[in-house]
Structures are given as C-alpha cells and as structure tokens.
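Below is one structure, written out as structure tokens; comments come after it.
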Amino acid sequence: MNTTALLIREEPFQIRHKDRTGTFNSKVYFDLALGNSLVIEPQESLHDIYPALSIEGSFFVSFRDSSEPTECYAKDSNFRIGGDFPGHFFRLSPLRSNIFLRSGTPLVRIEAGVLNFANYFLVRRPEDQCFELRHENWVFSFIPVDVQIYCYPPQIQTEDYAFTHHVSIRLLDGSEFSPEEAQRQLDLLGDFLTFCRGFWVSTALTAGVGANGKVEMEELGTRKVSPRKVSYNWLDFHHGSCMVELFPGFVAKMTDTEWQEALRYALYWYVRADTTLVGPDGGCFLLQAALERLAWHVLVRDRQSLSEDGFSRLPAADQLRLLLSTMNVPLAIPDGLSSLQSVGKALNWNDGPQAFVGVRNRLVHPPKANAKNIMLPFFEAYTLGKWYVELVLLSACGYSGKYSNRTKINRWVGQVEDVPWV
C-alpha cells in the first residue's frame, strides 16, 4: 500500500476462495482516498487457495470477533515468477462498506470519528463548538476536529471525505451496555446527523471500550457517507442548538417500531433526492415516494383515519393534502416560490399539494392534446417537496423550535422562523 494509508490491523486471517481455505498474515488499511475505505492486503501468496491466473470469484476473510466471514473482491493482483517471493499476491476490498467486530464483553463508552458533518454555532461562544446530544440516559459528546484539539491523520482524508468531529457515547450513570446496543446507538446517530446535514453523515474508526479499558468492539470502514458539499436545509448554521432540541423527539420516533420503517424510508429518499445526482425534476419523483410513504403511515397506521383501500383510492394530491393537514403544515404555495404560484394559477392548481403532484405528473405522463405549453418551475417544485418532507418529519418528532425555511430561496445564513404549527 502507499505510505498515506493508515494501518489499523495486522494479524493472521483465515481466507477462503471457493472450496479452498488457508491462514495468511495480513494487514488492513484505512484510507478515505480509496474507492472503498478498507483494503485487506495478505502479506503472503494466496496461490495455495487461488491457483488460477485470472481474478475470478469472491474471497471470504474471517476476522476475529466477527459473526460471519466478510465477502471481498480482488481490488488488484500481482503474479510474481522467481525472486525471493514468488506467487500470487492480492489486495482485497470488502463488498460491505463497514465491518462490525465484537468480543461480547459489555462496553462503557464508544469513541468514533464523524465524517462530513459541519460546525454549527450554538448558544455559547462561536469559537466553542463542543456540544452534547442527549436522549433518556444516553450522552453523545462532540468535539470538533482541529489540529489543536483533536486531530485525525490528514493524509487519510480528502476534500470530499474528512473528519469534522470526534464523538464519545456513554450512559449518564456510567453503566455498561452491550455491543449490539452500541450499534443501535450508532445507527440512530447516523440517521439524525444525516437529517440535520441533508446528506449522508457517517462515523468511522469506531471503537467500543470495556470497563477494563480494552477495545472490545470495532467498526471498520464507514457507513453511508456523501461527499462534502455546501448544503442548506432546515438546520441553520447559526442555530445549532435546534438539533439539541430535536434529538430526544427524533430518537423517540425512530425507536418506535411503528414509526421506524416509515421514517428511515422517507429519510433515504430525502437524501437521494439530491439535485447534483438526479436534478430537480428527478428529485420530484423521489420526494413524492417519500411523501406517499409518510402519508400512508400517518393516515392509515398511526391516525387510522383511512383504511388501506380508502387510502389507495385517493388521488396522490389528496393523500398529500391530508398528510400535511394532519401534521399542521400549510397547504398554500409559499410566497417565496413565485414561479410555481404563477404556473399554479395558469393551470388551476389550487394549493401546494396539487402543484407539486401536478409537476410530477407532467413529467411522468404524456401531455394531453389540449394541454397548455408552459415551462414548469422544476426547482421550485423540488424545493416545495423537500420543504414538505422536512416539516412532516419535524412535526412527527414533536419539534416546536426554529428552522430555516428553504422556500425562502434568497434567505441568508442565520435567518430562521418558528415552525408553522407553533
């Protein structure tokens, strides 16, 4: 490997290819500049288990403390003839982005780096960006990464993927918890930071520490993580205290078995509806999928105001209208979306749900013979859909604080307002 990669593990691994298995001294490297942040490099020839000259089939690497072997593909190979070290040498990359290792020993804290979050100003001094998130008995303490405070090796980071914080997770009373519970807390943290940032945020170089002071759990690699970029969503950079206020309600809903699937589904499409990936017109499709899933859950499962059959008979605009009314989200097209308002008047779209669904339908269905030839404001429709998803999620979590209203497209950093239901 190149000299910039961080060596995080070195030990004998059992490696299997098809029906052949052997044990080989290997090194594991972490580097965010790699396509996959992990590379497993056996230090010995794998010729005994892989005599072929071509790269074919998966390898299965057994990590100590792993419940099952990790499937890997051959990142590259080198066949050497003669010399001191002849044989077939490989670099392997896991198919999964992260590998969870645990000894079974209870933990007292988790230490992890946070990738691609942002520095939000809190109520305290702007230069003091340490903060805590709490729910029930759990405490998540964040320290910004800085050369004078907490530094990760710069050579393993890139402009697109970098450490922004270090987080320490523990129970307030200092009691122990299982590695499985640690993984659940990391899942919740990743979902929450992703919603706050507007794209995937991940932990990395994660270690769980037992009461004996030893590392008893590790998570190698990264979870889903998006490249760093400028992104403005409901959480304003000058009002970081809003995420502290939201966190307990978000966790309460995300740990509710009735709500968890719907929220994760909506959050997934909310992030995937990124204009840099699919454009504003493509984003409308994904946002409608998120909103329909939320509408079905709220109206059919949670409030039980409609039967499944009754819900399916409603037009998409009516489903969205009922969802927004139930969650106390305004129906009128916001004044900041002036182009969408003008098109709505021309096409007799009476409110925001009808306008959003109308734009989406015009993208999907062939135009009618007598349809008016009007240029559709795709970005404003996309903005309206994202605003709806954000407000529905905030309302579902019982949030009653300030937020940045994305429909005010020319707003400045620091401009916030009360959520509509306040």
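Structure values in brief
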{"quantity": "For Leu394: the one exception among (1) surrounded by 21 or more Cβ atoms within 10 Å (Cβ to Cβ); (2) in contact with a helix residue (DSSP H, G or I) (Cβ under 8 Å, 6 or more places away or on another chain); (3) within 18 Å of Leu294 (Cβ to Cβ); (4) without any contact (Cβ under 8 Å) to a residue 60 or more places away in the chain", "calculated": "(4)"}
{"quantity": "Any hit, region 237-248, residues being in the same structural domain as Gly414 (by TED's automatic domain parsing), surrounded by 15 or more Cβ atoms within 10 Å (Cβ to Cβ) and either out of contact with any Asp or Glu (no Cβ under 8 Å at 6 or more places or on another chain) or among the aromatic types (Phe, Trp, Tyr) (or both)", "calculated": "no"}
{"quantity": "Hey, Glu44 surrounded by 15 or more Cβ atoms within 10 Å (Cβ to Cβ), of a type in the set (D, E, K, R) and under 27 Å from Pro179 (Cβ atoms) or not", "calculated": "no"}
{"quantity": "Filter pass, Arg223 being touching a strand residue (DSSP E or B) at 6+ places or on another chain (Cβ under 7 Å) and basic (Lys, Arg)", "calculated": "yes"}
{"quantity": "Candidate set from region 1-41 (those that are closer than 16 Å to Pro69 by Cα and of a type in the set (Phe, Trp, Tyr)); member that is surrounded by the fewest Cβ atoms within 10 Å (Cβ to Cβ)", "calculated": "Phe24"}
{"quantity": "Candidate set: region 397-421, residues that are over 25 Å from Arg293 (Cβ atoms) and in contact with a strand residue (DSSP E or B) (Cβ under 7 Å, 6 or more places away or on another chain); chosen: the one surrounded by the fewest Cβ atoms within 10 Å (Cβ to Cβ)", "calculated": "Asp418"}
{"quantity": "Residue ID - surrounded by the fewest Cβ atoms within 10 Å (Cβ to Cβ), chosen from residues in region 66-85 that are within 30 Å of Gly104 (Cα to Cα) and modelled with pLDDT of 85 or more", "calculated": "Glu68"}
{"quantity": "Residues that are within 27 Å of the chain's Cα centre (by Cα) and either at pLDDT below 85 or in a loop (DSSP other than H, G, I, E, B) (or both), drawn from region 56-65", "calculated": "Phe63, Asp65"}
{"quantity": "Residue match in region 17-32 (condition: under 25 Å from the mean Cα position of the chain (by Cα) and outside any strand (DSSP E or B))", "calculated": "yes"}
{"quantity": "Search result, residues across region 120-130 that are crowded, with 16+ Cβ neighbours inside 10 Å and either at pLDDT 95 or above or of a type outside the set (Ser, Thr, Tyr) (or both)", "calculated": "Phe121, Leu122, Gln129"}
{"quantity": "Pair list, Cβ < 7 Å and 6+ apart or interchain, from region 253-282 residues that are under 13 Å from Thr194 (Cβ atoms) and in the same structural domain as Phe378 (by TED's automatic domain parsing) to residues that are assigned to a loop (DSSP other than H, G, I, E, B) and among the hydrophobic types (A, V, I, L, M, F, W, C)", "calculated": "Val271/Phe199; Val271/Trp200; Asp274/Phe199"}
{"quantity": "Residues located in region 183-203, provided they are among the small types (Gly, Ala, Ser), surrounded by fewer than 23 Cβ atoms within 10 Å (Cβ to Cβ) and not in a loop (DSSP other than H, G, I, E, B)", "calculated": "Gly190"}
{"quantity": "Residues of region 254-299 satisfying the condition of being of a type in the set (Asp, Glu) and crowded, with 18+ Cβ neighbours inside 10 Å", "calculated": "Asp274, Glu292"}
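The values are calculated or read from the model by the stated rules, or taken from the named source; none is laboratory data. As the structure is a computational prediction, the values presented were derived from the model and not from experiment. In this analysis, Cβ positions are derived from the backbone assuming ideal geometry, glycine residues included, and neighbour counts consider all displayed protein chains.
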